[in-house]
1. Determine which aspartates and glutamates satisfy two conditions relative to Lys201: a Cα distance under 14 Å, and not lying fewer than 8 residues away in the same chain.
2. Residue separation times 0.36 nm, minus the C-alpha to C-alpha distance between Arg16 and Glu43: what's the value?
3. Sort largest first and round to whole Å: the equivalent ellipsoid semi-axes of the range 47-103, each the square root of five times a Cα gyration tensor eigenvalue.
4. Where the Cα atoms of the range 193-232 are projected onto their three principal axes, how long is each span, largest first, in whole Å?
5. For the range 158-172, take each phi angle, set θ = phi - 60°, evaluate the Karplus expression 6.51 cos²θ - 1.76 cosθ + 1.60, and give the result in whole Hz per residue in order, putting x for glycine and proline.
6. What are the extents of the Cα atoms of the range 92-243 along their three principal axes, listed from largest to smallest and rounded to whole Å?
7. Apply the Kirkwood formula to the range 114-192: the hydrodynamic radius equals the inverse of the mean of 1/r over all pairs of different alpha-carbon atoms; give it in Å with one decimal.
8. Give me the mean projected area, in nm² to one decimal, of the convex hull enclosing the Cα positions of the range 157-268.
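The values are calculated or read from the model by the stated rules, or taken from the named source; none is laboratory data. Just so we're clear, the structure is a prediction, and the values are computed from it rather than from any experiment. Cβ coordinates were reconstructed from backbone atoms using ideal geometry, including for glycine residues, and neighbour counts include every protein chain displayed. Ligands, DNA and RNA are excluded from the accessible area calculation, which covers all protein heavy atoms including side chains. Shrake-Rupley method; radii C 1.70, N 1.55, O 1.52, S 1.80 Å.
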Amino acid sequence: MLKIGEFSKLSKVSIRSLRRYDEAGLLAPASIDPYTGYRYYSERQLPVANRIRALRDMGFPLAAVREVLGCYDDPGALERCLLLQRASAWEEMEEARKRLRLLDTALERLRKDETMMKYDVTIKTIPERYVASVRQIIPSYDREGDLWSIYCQETARMNLQDGSPDLCAAVYHDEEYKERDVDIEIQKTVTGTYTDTEHVKFKTVPAVQVASATFRGSYSQFSAVNETVAAWVEDNGWTFGGPYFNIYHVSPHETRNPEEFVTEVCYPVKRK
């Protein structure tokens, strides 16, 4: 029999963790001295301790370890448990990457000259346009590219002619920010006469007066630009008057370098 300290060294599991495993019903001492309260473990318990430590290193919470330990005699069930944990770890990694990108962007902007943090806002009128439009409820904002893919697939053989001004835009129809199931419409200015496809509809979009701010660089700037436009609209006696939209002057379709993107944020406005 091994004292708890000896077992801890051999298993490379701290005494504190061994006590927690005991409390969780995962690994109880082989025996406890009734007079001294000393805990003793058997050498045969080392494989169990190693399995628990391995599962903890994979990120399994203590509450799930018992279930996974019960799957070691069933390779199929064990594989399913590991695959589920792998998927969870992947999601956590993606979230961590997003946070790192946000932190890197914030640090980069903080280190630049303060004049680069400001965006010019102007009032302008976007003229009436004839557009090819795709509008759908999509899972999230970052899936907007799905709509552009639909547009390209269904118009590939139609020989569409660019309109003037030649604008590619995305309109956000929801009245509030949504975590999922967002109502987005993409529009491409065209000229000519065409027949609607399954998802692409052709229509005339009326002229609209907007508060506009154009910026160059990655889409991580959207929040800062939106804050600037909102403050400008409030400070200059305007009020919002319809769904906002983005115009992509230089988009991922033209370049893979986010620093070369040119985007115009447009908020329909009217005088208070």
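1. Here the aspartates and glutamates satisfying the reach criterion relative to Lys201 are Glu154, Glu185.
2. Using 0.36 nm per residue and subtracting the Cα-Cα distance, I get 7.8 nm.
3. 27, 13, 7
4. Projected onto the principal axes, the Cα atoms of the range 193-232 cover 41, 24, 15 Å.
5. After applying 6.51 cos²θ - 1.76 cosθ + 1.60, I find 9, 6, 5, 9, 4, x, 9, x, 7, 10, 10, 9, 10, 9, 10 Hz.
6. 50, 44, 27
7. In the range 114-192 this quantity evaluates to 14.6 Å.
8. If I average the Cα hull's projected area over directions, I get 8.6 nm².
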